[in-house]
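Below is one structure, written out as structure tokens; comments come after it.
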């Protein structure tokens, strides 16, 4: 003897089966014509500011064409844009034109096809995105699967602009200290006439020039450089001053950028000026001044 | 919707499995040793044909489907083998500008084999003999082989518009299945039964960039797992 519930189910099995078939017929999976695949690759610009940080970069003017000159995109103040992939190929090459430069970006990818339904047709998935040629500072594939979600939330490709701001030039500014009775001296920019400014390698950086500042390259092969300043005083006598500088030389490798030589920890070994002060001990083209020299 | 159907069937089967469990508890309380007539030799051969495949073939203009199942009851177990064929033809010659103009065809076959265990206890005989009514659970290995071909037109304003073709030749697919279902004797030696399948761990071998629309025996090719359902009518050939 079997359990009563089972016997009831068995006796009504045909009925239950037919009902189930109707339910299943209604439950047939209907494909949606909307999906996440797209043939548009999103590209974003970034500036590398130091070894670990990057910030979004805005390009004032941008125009993109295919390698054979067909127009693709144009915009102003662009930090993100989209490039269309060839739905029949596996490689595209673009010219990316900015105000100051024209760069190349060549992308390869794979395609996969699937039939969604008779109504929705065929969908292509684009994946395995890679960069085969480019002329920017650095380019990285951030996401190799090309989807609408990636376009909306992030980017497939990041184009990096590197900051090559380090240099080997020491910036000297000359000041005059004017004493005041019972008050701190007044300091103002001084204009001097140098008969010569030379360095210990024999280079001449000024000759009978009237200057209030000098930009003099240091010796990149050594850890110190001596500068010699000669000027004619009002009474006709020749005054000689010496400034011996020392510094540290290191190589800085910012992520995705070329290595740069950095000169820092700028200091004096000896000087004969009345006084001087360091305003910046790193040689960087963004610095207006490294040393203030007071006469 | 597929989840709803799976839920519905699960409820149906769980109800019956629950019944079987109750029966089992009653029998266990007696603590009698189970006895199976005929030892380990098969007691019958059950041959079945998928009714939903036949209905689908007549109702659906896009494909022809055929599925068979055979099982050998041995004590409370059933050695089960399935074989089937599927042919699919899809086309849209209308929406050229929407990139929906295409023609697709596929044909292939599949087989699956594995072991099912009968959970329904016959209180009278104090055993789970699978030769009669069964509520079963089992594991299967399944394999499919198919050829398919797609031709579609791509309209593009920037690049060249073109008609592309992709095909798979003897694409292999295999997967695993967890099966649950019932086989109920309606009249002497004639059984009706459901099989609910959870198909998972699907793998493809030897394919091109074309994902098959439908893998025979598995379902939509884009998925790596999913549910399936078959409704069979069986004829039992008793061996004793």
Considering only the stretch B:54-67, state which residues are outside any strand (DSSP E or B) and touching a strand residue (DSSP E or B) at 6+ places or on another chain (Cβ under 9 Å). B:54, B:55, B:56, B:57, B:61, B:62
All-but-one check, residue B:100 against (1) touching a residue at least 40 places away in the same chain (Cβ under 8 Å); (2) in a loop (DSSP other than H, G, I, E, B), failing number (1)
Any residue in the stretch A:56-75 that is within 14 Å of chain B (Cβ to nearest Cβ) sitting within a Cβ distance under 9 Å of a residue that is surrounded by fewer than 12 Cβ atoms within 10 Å (Cβ to Cβ) and outside any loop (DSSP other than H, G, I, E, B)? List the pairs, counting only those 6 or more apart or interchain. A:64/A:71; A:65/A:71
Check off (1) modelled with pLDDT of 75 or more; (2) in contact with a strand residue (DSSP E or B) (Cβ under 7 Å, 6 or more places away or on another chain); (3) not in a strand (DSSP E or B) for residue B:70 and give me the number that stays unchecked. (3)
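Going through A:114, A:133 one at a time, which residue ends up being surrounded by fewer than 17 Cβ atoms within 10 Å (Cβ to Cβ), out of contact with any helix residue (DSSP H, G or I) (no Cβ under 7 Å at 6 or more places or on another chain) and assigned to a strand (DSSP E or B)?
A:133 is the lone residue from the list that is surrounded by fewer than 17 Cβ atoms within 10 Å (Cβ to Cβ), out of contact with any helix residue (DSSP H, G or I) (no Cβ under 7 Å at 6 or more places or on another chain) and assigned to a strand (DSSP E or B).
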Is one or more of the residues making up the stretch B:112-125 in a strand (DSSP E or B), within 18 Å of residue B:219 (Cβ to Cβ), modelled with pLDDT under 95 and facing chain A (nearest Cβ under 9 Å)? no
Does any residue of the stretch A:170-180 turn out to be within 14 Å of another protein chain (Cβ to nearest Cβ) and assigned to a strand (DSSP E or B)? no
Subset of the stretch B:190-240, residues more than 14 Å from every other protein chain (Cβ to nearest Cβ), part of a loop (DSSP other than H, G, I, E, B) and over 10 Å from the mean Cα position of the chain (by Cα), comes to B:206, B:239, B:240
Could we say that residue B:165 is touching a strand residue (DSSP E or B) at 6+ places or on another chain (Cβ under 9 Å), surrounded by fewer than 19 Cβ atoms within 10 Å (Cβ to Cβ), free of Cβ contacts under 8 Å to residues at least 24 places away in the same chain and more than 9 Å from chain A (Cβ to nearest Cβ) here? yes
Only one of these is in a strand (DSSP E or B) and either under 30 Å from residue B:221 (Cβ atoms) or modelled with pLDDT under 95 (or both): A:62, A:95. Name it. A:62
Scan of the stretch B:148-162 for residues that are under 16 Å from residue B:100 (Cβ atoms), more than 31 Å from the chain's Cα centre (by Cα) and more than 7 Å from every other protein chain (Cβ to nearest Cβ), ordered by number: B:153, B:155, B:161
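The values are calculated or read from the model by the stated rules, or taken from the named source; none is laboratory data. The structure displayed is predicted, hence computed values, not measured ones. In this analysis, Cβ positions are derived from the backbone assuming ideal geometry, glycine residues included, and neighbour counts consider all displayed protein chains.
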